[in-house]
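Shown next, in structure tokens, is the structure this report addresses.
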Amino acid sequence: MSTILITGGTGLLGSALTRLLVTKGHKVIILSRTQRHSDDKNISYSAWDVKAQTIERKAVEQADYIIHLAGAGVADKRWTADRKKEIVESRTQSSALLVKALQEVPNHVKAVISASAIGYYGDDQKRSAKKPAFTEEMRADTEFLGETCRLWEESIEPVQKEGKRLVKLRIGIVLSNEGGALPEFKKPINFGVAGVLGSGKQVISWIHIEDVCRMFLFAIDNENLKGVYNAVGPAPVRNKDLTILLAEKMKGRFFVHAHVPAFVLKVMLGQMSVEVLKSATVSSEKIRTEGYRFIYPTIETALNNLISAK
């Protein structure tokens with residue numbers, strides 16, 4: 001089977017994706033800033049330093065495919081000027097290092113599958129009324145996350161000049177028990193409170209962790225895939241509906257329904273609150289047309305799996 005080089009391989013998505021790839025018989029090389037060791041013979045670590053723009057040559061020489069996930073967590077800290085700079089540069093500089101490595105190191109890499117995010121799109125209010133959802137050909141939003149995603153995608157595009165097939169997956173809100181948004185939704189529900197954010201009418205374009213991992217594998221296996229695809233489930237859901245459904249599955253009827261006002265979120269999160277309160281209806285039609293079939297096509301099927309898994 002193939003050897004797959006992963007950046008950002010120790011994060012939420014990278015860890016789940018590594019497990020999937022190994023179960024499918026692939027070997028995985030994870031780029032790391034610190035020295036690590038794996039007990040699994042199919043998983044190894046190689047060194048890289050994005051700031052110094054250095055990477056271990058053998059990792060590139062051995063790779064059949066590269067999956068590029070690296071980037072500072074958008075929701076990990078408040079958006080100060082320094083943090084915004086870190087969010088952008090962690091993505092663009094890591095892409096630049098991969099491009100440089102593919103130019104300088106003899107390799108047989110067939111394709112690069114790069115993460116992006118649906119932050120590329122603005123709020124639904126900025127979408128034409130004639131369009132029921134955001135689709136891949138639309139322009140990037142001019143706000144911070146839209147600009148970040150645009151720069152992120154542009155920074156990896158030079159790999160195409162090296163003859164590499166490039167797929168960019170704009171990932172939605174990933175639902176997983178191991179991290180990300182779902183544990184945050186669960187916190188108040190654990191105390192019997194279904195905390196609806198703002199009006200609750202904002203649309204969340206989500207995807208189950210298993211589906212997004214399988215989509216990366218789908219992009220590797222299908223040579224006809226090129227360009228941008230939205231990695232979101234086929235049935236976006238309102239914040240209120242997701243919260244109430246999750247509460248019902250966790251607590252039955254034993255919870256109270258409460259709204260967290262927008263101004264409270266703005267005080268707590270600063271500029272980041274804009275993303276929490278934003279409504280973004282994003283289409284998955286393009287990837288489905290290519291033949292991808294979702295394991296969890298509805299929010300109910302996704303939550304049924306995630307709640308039962310705990």
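For the pair Thr34 and Glu184 in one chain, pulling the backbone fully straight at 0.36 nm per residue adds 51.1 nm over the alpha carbon distance. A cut-off of 5 Å between modelled amide H atoms, ignoring neighbours fewer than 5 places along the same chain, links Gly198 with Val260, Ala262.
The alpha-carbon of Lys186 sits under 13 angstrom from the alpha-carbons of these aspartates and glutamates, leaving out residues fewer than 8 places away in its chain: Glu178, Glu248.
Which of Val193, Val174 comes first, and how do the rest follow, when ranked by fewest Cβ neighbours within 10 Å?
Least crowded to most crowded, the residues run Val193, Val174.
For the range 87-181, the calculated P(r), taken from all Cα-Cα distances in 5 Å bins from zero up to the bin holding the longest distance, is 2, 12, 20, 19, 17, 14, 9, 4, 1, 0 percent. Across Asn239, Asn107, Asn230, mean-square fluctuation computed from a Gaussian network of the chain (C-alpha pairs under 10 Å connected) peaks at Asn107. Under a Gaussian network description of the chain, with springs only between Cα atoms under 10 Å, the residue in Ala47, Ala59, Ala194 that fluctuates furthest is Ala47. Based on C-alpha pairs under 8 angstrom that are at least 6 apart in sequence, the range 109-153 has a relative contact order of 47 percent. Once C-alpha pairs closer than 8 Å and six or more residues apart are averaged by separation and normalised to the residue number of the chain, the relative contact order reads 17 percent. Cross-link reach is defined here as a Cα-Cα straight distance under 26 Å, omitting same-chain residues fewer than 8 places apart; for Lys131 the lysines meeting it are Lys168, Lys201, Lys226, Lys240, Lys278, Lys286.
Could you work out the relative contact order of the range 93-205? I mean the mean sequence separation of Cα pairs under 8 Å and 6+ apart, divided by the number of residues, in percent.
Averaging sequence separation for qualifying contacts and normalising by length gives 31 percent for the range 93-205.
Helix-only arithmetic for the chain: the sum of -39500 (n - 2.57) across DSSP H runs with n ≥ 4, divided by the residue total, places the mean residue ellipticity at 222 nm at -11500 deg cm²/dmol.
For the chain, the residue among Asn107, Leu13, Asn222 whose Cα projects farthest onto the positive side of the dipole built from Cβ charges is Leu13. Rounded to the nearest 10 degrees, the inclination of helix 81-104 to the longest alpha-carbon principal axis of the chain is 30 degrees. Less than 5 angstrom separates the built amide H of Ser116 from those of Leu169, Arg170, Ile171, all sequence-distant by 5 or more or on a different chain.
If R₀ is 30 angstrom, what is the calculated FRET efficiency for the pair Gln103 and Asp221, using the beta carbon separation as r and rounding to 0.05? E(calc), rounded to 0.05, equals 0.70. Extending 7 Å from the Cα toward the beta-carbon at both Asp49 and Asn304 defines two label points whose distance is 5.2 nm. Fully extending the segment from Gln93 to Glu154 would add 20.8 nm, taking 0.36 nm per residue of separation and subtracting the current Cα-Cα distance. Working ranking of peptides 205-212, 122-129 by packing, defined as the average number of other Cβ atoms within 10 Å per residue, highest first, is 205-212, 122-129. In this rough spin-label picture, where each label sits 7 Å from Cα along the Cβ direction, the Arg83-Lys41 distance is 4.5 nm. A dipole drawn for the chain from +1 and -1 charges on Cβ atoms has a positive end, and of Ser283, Ala117, Ile204 the residue lying farthest that way is Ile204. Divided by 2.2 N^0.38 Å, where N counts the residues, the Cα radius of gyration of the chain comes to 1.00. Along the axis of the charge dipole computed for the chain (Cβ charges of +1 for Lys and Arg, -1 for Asp and Glu, origin at the Cα centre), the listed residues Ser176, Ile67, Ser95 are led at the positive end by Ser176. Within the chain, DSSP assigns beta bridges of which about 15% are antiparallel (rounded to the nearest 5).
Quick note: the coordinates plus some simple rules give every number you see, no bench work behind them. These numbers were taken from a predicted model, which means no experiment stands behind them. Please note: Cβ atoms are built from the backbone with ideal geometry, for glycine as well, and neighbour counts cover all protein chains shown.
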